[in-house]
1. Which of the residues that make up segment 44-77 are farther than 25 Å from residue 257 by Cβ, in a helix (DSSP H, G or I) and open to solvent by 40 Å² or more (accessible area, probe 1.4 Å)?
2. Just to be sure before I move on: is residue 17 part of a helix (DSSP H, G or I), at pLDDT 95 or above and in contact with a Pro (Cβ under 8 Å, 6 or more places away or on another chain) in the structure I sent?
3. Taking residue 41, is it under 28 Å from residue 143 (Cα atoms), open to solvent by 50 Å² or more (accessible area, probe 1.4 Å) and in contact (Cβ under 8 Å) with a residue 40 or more places away in the chain?
4. Please specify each residue of segment 83-99 satisfying the condition of being surrounded by 15 or more Cβ atoms within 10 Å (Cβ to Cβ) and in a helix (DSSP H, G or I).
5. Which of (1) outside any loop (DSSP other than H, G, I, E, B); (2) open to solvent by 10 Å² or more (accessible area, probe 1.4 Å) does residue 115 not meet, given it meets every other one?
6. Out of segment 208-230, which residues are crowded, with 24+ Cβ neighbours inside 10 Å, of a type in the set (Ser, Thr, Tyr) and over 12 Å from the mean Cα position of the chain (by Cα)?
7. Look at residue 80 and say whether it is open to solvent by less than 40 Å² (accessible area, probe 1.4 Å), in a loop (DSSP other than H, G, I, E, B) and more than 21 Å from residue 137 (Cβ to Cβ).
8. Looking at this structure, is residue 150 of a type in the set (Val, Ile, Thr) and open to solvent by 20 Å² or more (accessible area, probe 1.4 Å)?
Amino acid sequence: MAYLAPQEFATKMIDAGESKLFMSTKDTLIRSYMAGAILALAAAFAVTVTVNTGQPLIGALLFPVGFCMLYLLGFDLLTGVFTLVPLALIDKRPGATMSGMLRNWGLVFLGNFAGALTTAVFMAVIFTMGFTEAPNAIGQKIGTIGESRTLGYAAAGFGGMLTLFVRAVMCNWMVSTGVVAAMMSTSVSGKVIAMWMPILIFFYMGFEHSIVNMFLFPSGIMLGGQFTWTDYFLWNEIPTVLGNLVGGLTFVGLTLYTTHAKTNAKKRSSDAKLMSVAAE
């Protein structure tokens, strides 16, 4: 596959962050709505495969298809803008402001949530024959996922919250690595290959992704899960959003920007210059 050097895709990361920062409200909402809806459908697909085969690894192997689709279509996830948009401010691009960044994050959150909720309602209709009968096996599985990842964390108190936060940090470390990896290639096949592995890792390891959870937990409530909207927001969505922000920005955005966009002078060159001066 056509490959870009790290210095080249680091510049693409900053350019992408700047582009998203100045995107119109209409385009931001449409692109984030579609991203949330497609990722939610991919999550429903992965759970369906897992239930039907009894093999979670097969579901995880196939889940990245949704991520690849939304990326290639130019749609935006909150996890991606957490990593890319701040780089426009850090690089001091003209017109880039903190208020503009917060506006972008807020719009993408709303769009992702609306898209994921739409898919959740559609899938709940399918799993229950239009709410006329009990959820099928897949619907029951989705209902129990929400219970263990809200009330389960709450029962462990501080340890549960810490575990939830760390899982969210590691999730966006992997997801944003997938976003950046796609920029390494200029071919569709290369982008898909580069994205697949980190997305597979995050899904199979059960890390916490704020947009996937925007589908799983509202679906769980609709399908009879024994937890509330308050449980969902306090013991999953809000800590997950914060963990995703920290993971994507620190482990991917800032590290790549610092070492590839703002590379320091080579130490060997400095040493050689000093030796040359000393010899004179």
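1. Residues satisfying the conditions are 45, 51, 52, 53, 56, 57, 58, 61, 62, 65, 69.
2. Working: part of a helix (DSSP H, G or I): yes; at pLDDT 95 or above: yes; in contact with a Pro (Cβ under 8 Å, 6 or more places away or on another chain): yes.
So residue 17 passes the test.
3. Judged against the criteria, residue 41 is a match.
4. First pass over segment 83-99, keeping only residues surrounded by 15 or more Cβ atoms within 10 Å (Cβ to Cβ): 83-91, 93, 96.
Across segment 83-99, the qualifying residues are 83, 84, 85, 86, 87, 88, 89, 90.
5. (2)
6. Matches in segment 208-230: 219 only.
7. Numbers: open to solvent by less than 40 Å² (accessible area, probe 1.4 Å): yes; in a loop (DSSP other than H, G, I, E, B): no; more than 21 Å from residue 137 (Cβ to Cβ): yes.
No; evaluated as a whole, the condition is false for this residue.
8. no
The values are calculated or read from the model by the stated rules, or taken from the named source; none is laboratory data. What you are looking at is a predicted structure, and each value in this text was computed from that prediction instead of being measured. Note that each Cβ is placed from the backbone with ideal geometry, even for glycine, and that neighbours are counted across all protein chains shown. Calculation scope for accessible area: heavy atoms of the full protein, side chains included, ligands and nucleic acids excluded. Shrake-Rupley method; radii C 1.70, N 1.55, O 1.52, S 1.80 Å.
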